[in-house]
Amino acid sequence: ALSDAVAAAIMPTLVVACVGGFAARTTAGRAALSRLLQRVPVYGAFLSRCSLARVTGTLATMLACGLPLSRALDLASHSAGSDGHRSELQRFAANVFEGTPLSSLVRTSTRFPPELAGVIELGETSGALDDVLRSMSLAFQAEAREYAAVMKASVEPLLVTEIGRAHV
């Protein structure tokens, strides 16, 4: 029964993959595909954690090298794997340049986890923003690995079922 469901879903999945591939060729198509993938259970959380790990790690490195925060945010926006994170980071860069604390910007954003604002505030007040961002990057990497393990555990039974069915 499960293998029948997988077999029935193969053609629609291929069609969606092809349409998604063509849609990804335009900026609007990439943004729509990104929003769609962010909504897929587990996979969306995995993508978000990968993007957050990349952004916080990049920011930590640039701040440790002495770049001003607004410039580091602008540059880190290019490393974001998510269009939502990219646009928020660019907005953050403009507001930080005008004097708004990064922690207050992150706190009001729906694209970043609430606990990140508290950690950033701690880094801002202690003067160790690069250290706390590096720690958050490692935490996001660990969460991404956990989501990857869940996805792997979810796919393995389907693969075994299909391989077994193909040899019968």
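The values are calculated or read from the model by the stated rules, or taken from the named source; none is laboratory data. Model, not experiment: these values are computed from the prediction. Using ideal geometry, Cβ is built from the backbone for each residue, glycine included, and neighbour counts are taken over all protein chains shown. When the accessible area is computed, the model is the full protein with side chains, heavy atoms only, and any ligands, DNA or RNA have been set aside. Shrake-Rupley method; radii C 1.70, N 1.55, O 1.52, S 1.80 Å.
With respect to the conditions (1) part of a helix (DSSP H, G or I); (2) at pLDDT 90 or above, G99 falls short on a single one, namely (1). Take the residues in the stretch 42-86 that are at pLDDT below 90 and small (G, A, S), then tell me which one is nearest to the chain's Cα centre (by Cα). Among them, the one singled out is S48.
So for the stretch 7-24 (the condition being modelled with pLDDT of 70 or more and either part of a loop (DSSP other than H, G, I, E, B) or of a type in the set (D, E, K, R) (or both)), does at least one residue qualify? The answer is no; no qualifying residue exists. Within the stretch 112-131, the set of residues being over 15 Å from L63 (Cα atoms) and open to solvent by less than 60 Å² (accessible area, probe 1.4 Å) comprises F112, P113, L116, A117, G118, V119. Candidates in the stretch 88-111 are the residues that are closer than 18 Å to G57 by Cα and of a type in the set (S, T, N, Q); of these, the one that is most open to solvent (accessible area, probe 1.4 Å) is Q90. Evaluated against (1) open to solvent by 70 Å² or more (accessible area, probe 1.4 Å); (2) of a type outside the set (S, T, Y); (3) in contact (Cβ under 8 Å) with a residue 40 or more places away in the chain; (4) farther than 21 Å from V55 by Cβ, R134 falls short on exactly one condition, (4).
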